[in-house]
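Here is the structure we will look at, set down as C-alpha cells.
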Amino acid sequence: MSILVEPLSQNEWLVTVEARTTTKHRVRVTPDDLRRFGGGDVSAERLLEASFRFLLERESNTSILSSFDLPVIGRYFPEYEKEIRRYLTSQ
C-alpha cells in the first residue's frame, strides 16, 4: 500500500491511497491545523501521510471520507490528536 500526497491549493491536498482499490481524498489542512497537530515544524505532506497511516490502521482506504478537513479525524477517532505525534516521529 502506498500513500501519495499532492497539493491542490494552499490549504487543500489530494491524497491517493494505492491498495487493492485505489482511492483519492481531498483534505483541507490550515496553518492552524499544522501547528495543532504537527507542532508547527512539520510539512502538510508529512502530516497527511502520517494521518493516513493512522487512519489505515483503523479502517480500509475505501472507508475514509473522500473530502474532509483534517480535524474531522478526531471526531471519529478521539485518540488522533494524542497519537499523531507518535506517527510523525516513527516515519
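The values are calculated or read from the model by the stated rules, or taken from the named source; none is laboratory data. A quick note: this is a predicted structure, and the numbers were derived from the prediction, not measured. Neighbour counts are summed over all protein chains in view; Cβ atoms, including those assigned to glycine, are modelled from backbone coordinates with ideal geometry. Note: accessible area is taken over every heavy atom of the protein model, side chains too, but ligands, DNA and RNA are not part of it. Shrake-Rupley method; radii C 1.70, N 1.55, O 1.52, S 1.80 Å.
Overview of values
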{"read-out": "Flag if A50 is surrounded by 14 or more Cβ atoms within 10 Å (Cβ to Cβ), closer than 13 Å to E12 by Cα and small (G, A, S)", "value": "no"}
{"read-out": "Segment 56-91 - residue that is touching a Phe, Trp or Tyr at 6+ places or on another chain (Cβ under 8 Å) and of a type in the set (A, V, I, L, M, F, W, C) and, of those, most open to solvent (accessible area, probe 1.4 Å)", "value": "F77"}
{"read-out": "Long-range neighbours under 8 Å by Cβ, at least six apart or interchain, first residue over 11 Å from S66 (Cβ atoms) within segment 14-26, second acidic (D, E)", "value": "T16/E6"}
{"read-out": "Any chance D33 is touching a Pro at 6+ places or on another chain (Cβ under 8 Å) and either more than 16 Å from V72 (Cβ to Cβ) or acidic (D, E) (or both)", "value": "yes"}
{"read-out": "Of all residues making up segment 37-47, the number that are in contact with a helix residue (DSSP H, G or I) (Cβ under 8 Å, 6 or more places away or on another chain) and either among the β-branched types (V, I, T) or surrounded by 15 or more Cβ atoms within 10 Å (Cβ to Cβ) (or both)", "value": "6"}
{"read-out": "Output for segment 53-91, where each listed residue is among the hydrophobic types (A, V, I, L, M, F, W, C), touching a helix residue (DSSP H, G or I) at 6+ places or on another chain (Cβ under 6 Å) and farther than 18 Å from S9 by Cβ", "value": "F54, I64, I73, I84, L88"}
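Residue-wise test of (1) at pLDDT below 95; (2) under 17 Å from R86 (Cβ atoms); (3) of a type in the set (G, A, S); (4) not in a loop (DSSP other than H, G, I, E, B).
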| residue | (1), (2), (3), (4) |
| --- | --- |
| E6 | no, no, no, yes |
| V15 | no, no, no, yes |
| T21 | no, no, no, no |
| R26 | no, no, no, yes |
| D33 | no, no, no, yes |
| E45 | no, no, no, yes |
| L48 | no, yes, no, yes |
| R58 | no, yes, no, no |
